[in-house]
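Below is one structure; the comments refer to it alone.
The values are calculated or read from the model by the stated rules, or taken from the named source; none is laboratory data. In this text the structure is predicted, and so the values were computed from the model without any measurement. Backbone-built Cβ (ideal geometry, glycine too); neighbour counts: all protein chains shown.
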Amino acid sequence: MAIIVDENTRVLVQGITGHQGSFHTGEMIKFGANVVAGVTPGKGGQEVHGVPVYDTVEEAMEMEPNATMIAVPAPYVKDAAFEALYNGIKVLHILTEGVPFHDSMEIVSYAKTKGAVIVGPNGPGIASPFKAKVGIMPNSIFAEGFVGVASRSGTLTYEIVNALTQNNIGQSTVIGLGGDPIVGLSFVDVLHMFEQDEQTKAVVLVGEIGGTAEEDAAEYIKREVSKPVVAYIAGRTAPPGKRMGHAGAIITRGMGTAESKIRAFEEAGVPVAKFPTDVPNLLQNIL
Amino acid sequence: MKLYEYQAKEIFRQYGIPVPEGYVIDKVDDIKKHEESVVLKAQVLVGGRGKAGGIKIASGTDEAKKIASELLGAQIKGVRVKKLLIEKKLDIERELYLSIILDRRNKCPLLMFSEEGGVDIESVDEEKIIKLYIDPLIGIQGFMIRYLLKKCTLEQKKELGRIIKQLYRIFKEKDCELVEINPLVVDRDGKLWAADAKIIVDTDALYRHPEIEENVEESTDLEREAKKMGYALIELDGDIAVIANGAGLTMATLDAITHFGAKPRIFLDLGGTDDPEIVKNAFYLVKKSNPKAVLVNIFGGVTKCDTVAKGIVAALEEYPIDVPMIVRISGVHEDVGRKMLEARGVECHTTMLDAVKRCAEVVVKGGGK
C-alpha cells in the first residue's frame, strides 16, 4: 500500500537536464523509483542517466508517466505545472523554492479541477520505501515499515526519519508538504490518506510556526483519526513577524505560534516531542 | 513585504480607488499652504500608529509645521519617522472595512467587507463581516459582487462594487498577500474614500515588480546583506550564531539552545548546497554578527558532510573568529567530514542534542570571549 506513490508510479522529471533535475534523477533510480522520462524544452533527444529527454510533456506522455517532479526556476513553475496537469498527470511534486504564492494558488486550484495532487512547492517530495520516490530526500535515511510521516520541513524530516530508522521503526510513506504559505496538501489531507492506508499504523506530523495547518489537523484528529499520531513543532522561540527561512514560517498578528499548535495537539491527545530525536521514543511509548 | 501608506495610496490612485488629496514630505519646509485642516500621518510600518501618536490633525499651515517638526525624527514604537503624509481632512459620515487577504487554510483569496470599519477587524463580530472566497482561476466575477451587495445596507452600491473590482486587480496584479482599506470612509457628500491603505506584497514575487521599491524598515542591515548573498538570516538578541541546513532544522536548533538556557544571536539557514564556497561565505556573516559562540548543525543529505567540512576549513582561514565553535555533523559522508574538521581542531559531535548542550554550556559558563 503506502499513499500517493507506490510501485506503480512512473516518474517524469521536468527540468531533467538542470543541475538538480539530473542529480536527483540518478538518486531516484538508485532508490528504486521508475523514472520513465524527462522534459527540458529544446533538449529533446538527449538522455540523462539513461532516461529519455523530451521537449514537451505532451511528447513524454508516450512513456506513460503518472507523476512528475518539477525542478525548474521559480518564474517557470506555473507553466510547467499547468503543462503536466493539462496532459493528465495526477501527482506533481514541485521542488522549487520561491514560487510566488499567487502562482501556487492557481496551480492548486487547477489541480483540484483535474483531480490531481500537488506535493510542495518548496518541499523535498514524497517517498514510499522502497517502492517509489518523487523528490530529493536522501536514500540513506529510509526503512520500509508502518509509520507515515508528513512534514512542512526538509532537513528536519530527514533528521526525524533517520532517527526512526535507527530505532528500527520503518516508514510507509514520507511526505514533505512544503514550506510555503500555499502548498498543495495540508496535514488534514494527508491524515485522511494515512487513515485509509492499510500499511500505515501510526503517523508522525512535523509542523512549524505559521498558518493554522496544525490546529486544523488537531481538530481533524479528534473527530476522524483512529491511528496514533505524534508530532514535533519547530519555532518555539521564533520572533513574531520574521520569516524563518520558509516563506510560510511566520507569525502574523499573533497567529501561527508554536504554543498554539502544541496546545492544539495536546488537547487532541497527540504527544508533542520536545526535540526532533524524541519522536521515536514517543512512538514507542504509544505503540 | 509591507508597503508604506503613501506607496499603497499611490497604487490605489493608479487603479482609480479614491484617496484623499495629499503629498509626502521629509522636511518641514516642504509643507504647503493650507487654509483648511490637514492630517499628518507618520510613515512607519508598525501597527497601532495612531494610538502611538503617529497621526495628528492641524488646523492650518502654522500648526502643520509645528506638528511636522515634532513628528519628523520622532520614534513611533521604536521606529524613526522619516516621512509624513499630509492629507486633506475628510468629513467623515461613516467608516467601513474592506480587504482581500491570502487565506492559507482555503488556499485562495478571501474578501472581507464590514459596515463596521475603523477598528481592528479581529474585534468585529463574525456576523457583521461579509466574506467571499475567491477561486484564483476565475477571480472576482459580477455575481460575487451582487451577492455581497445584496447583504449590505450601503447606498453607494455601484461605487463599492467598482472599488472591490479594482482592489482585486491590485491584489492579483501586484502579487499581494493583503490589501486593506480600513477605514473605507463615506463622507458627508456620500462619496467613498480610502482613508487608510495597507498593502503587503509577496517577497517571492518582487522579481516581477521592479516598480515596487524595497523597504528597509522590516529588516536589519545584516539581514539584507545576507539576503543579497542568498542566505536566510535573522538577527536575534542572544549569543550563539546558529548555522544549519534547512529552515526547520535551524528553527529546531534555536529552540533547543533556548531550552538549555542559552540564546541565539543569528538564525542562518544554509539551505541545500553542494558548494563549499556557500558554506565558507556564511562565516563572513557569522563573523559580522559578533557572536560569543558558533554552533553548526548539519544533517547531511543533499548537502553532504564533507562539502560542509571543506567550507568550514576554508572559513577558518578566511574569516577566523576568536570564539568557541561546536559542530554537529551527521549523515551522508559524515566520517570524511568529521576527520577534516578534527584535523583542524574543531570540536565535533554526532547528535544535535550533544552539540547544543555543549555549546549552551560554553556560553552560559562564560567560556567565550
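Check B:Val24, B:Val19 and return the single one that is in a strand (DSSP E or B), among the β-branched types (Val, Ile, Thr) and at negative phi.
On inspection, the qualifying residue turns out to be B:Val24.
Considering the stretch B:137-187 alone, what residues qualify as being within 14 Å of chain A (Cβ to nearest Cβ) and over 20 Å from B:Ile200 (Cβ atoms)?
Hits for the stretch B:137-187 are B:Leu137, B:Ile138.
Across the stretch B:242-285, which residue is farthest from the other protein chains (Cβ to nearest Cβ) among those that are surrounded by 24 or more Cβ atoms within 10 Å (Cβ to Cβ) and β-branched (Val, Ile, Thr)?
Looking at the filtered set, the residue picked out is B:Val279.
Inside the stretch A:141-150, can you point out the residues that are closer than 15 Å to A:Ala202 by Cβ and within 14 Å of chain B (Cβ to nearest Cβ)?
Once the filter is applied, which keeps residues that are closer than 15 Å to A:Ala202 by Cβ and within 14 Å of chain B (Cβ to nearest Cβ), the stretch A:141-150 yields A:Val149, A:Ala150.
Table: residues versus (1) aliphatic (A, V, I, L, M); (2) in contact with a Gly (Cβ under 7 Å, 6 or more places away or on another chain); (3) crowded, with 24+ Cβ neighbours inside 10 Å; (4) not assigned by TED's automatic domain parsing to the domain that holds A:Thr40.
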| residue | (1), (2), (3), (4) |
| --- | --- |
| A:Met69 | yes, yes, yes, no |
| A:Val99 | yes, no, yes, no |
| A:Ser109 | no, no, no, no |
| A:Gly125 | no, yes, yes, yes |
| A:Phe130 | no, yes, no, yes |
| A:Thr157 | no, yes, yes, yes |
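Please specify each residue of the stretch B:77-136 satisfying the condition of being within 11 Å of chain A (Cβ to nearest Cβ), in contact with a helix residue (DSSP H, G or I) (Cβ under 7 Å, 6 or more places away or on another chain) and in a strand (DSSP E or B).
Hits for the stretch B:77-136 are B:Leu102, B:Cys108, B:Pro109.
Out of curiosity, is A:Ala150 under 27 Å from B:Val332 (Cβ atoms) and under 17 Å from the mean Cα position of the chain (by Cα)?
Here the answer is yes, as A:Ala150 does meet what is asked.
Residue-by-condition table, conditions (1) at pLDDT 95 or above; (2) in a helix (DSSP H, G or I); (3) of a type in the set (A, V, I, L, M, F, W, C); (4) not assigned by TED's automatic domain parsing to the domain that holds A:His102:
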{"residue": "A:Val183", "(1), (2), (3), (4)": "yes, no, yes, yes"}
{"residue": "A:Met193", "(1), (2), (3), (4)": "yes, yes, yes, yes"}
{"residue": "A:Thr200", "(1), (2), (3), (4)": "yes, no, no, yes"}
{"residue": "A:Glu214", "(1), (2), (3), (4)": "yes, yes, no, yes"}
{"residue": "A:Ala217", "(1), (2), (3), (4)": "yes, yes, yes, yes"}
{"residue": "A:Ile221", "(1), (2), (3), (4)": "yes, yes, yes, yes"}
{"residue": "A:Val230", "(1), (2), (3), (4)": "yes, no, yes, yes"}
{"residue": "A:Gly241", "(1), (2), (3), (4)": "no, no, no, yes"}
{"residue": "A:Gly248", "(1), (2), (3), (4)": "no, no, no, yes"}
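Please go through the stretch B:187-207 and pick out each residue that is surrounded by 13 or more Cβ atoms within 10 Å (Cβ to Cβ) and assigned to a helix (DSSP H, G or I).
Passing the criteria: B:Thr203, B:Asp204, B:Ala205, B:Leu206.
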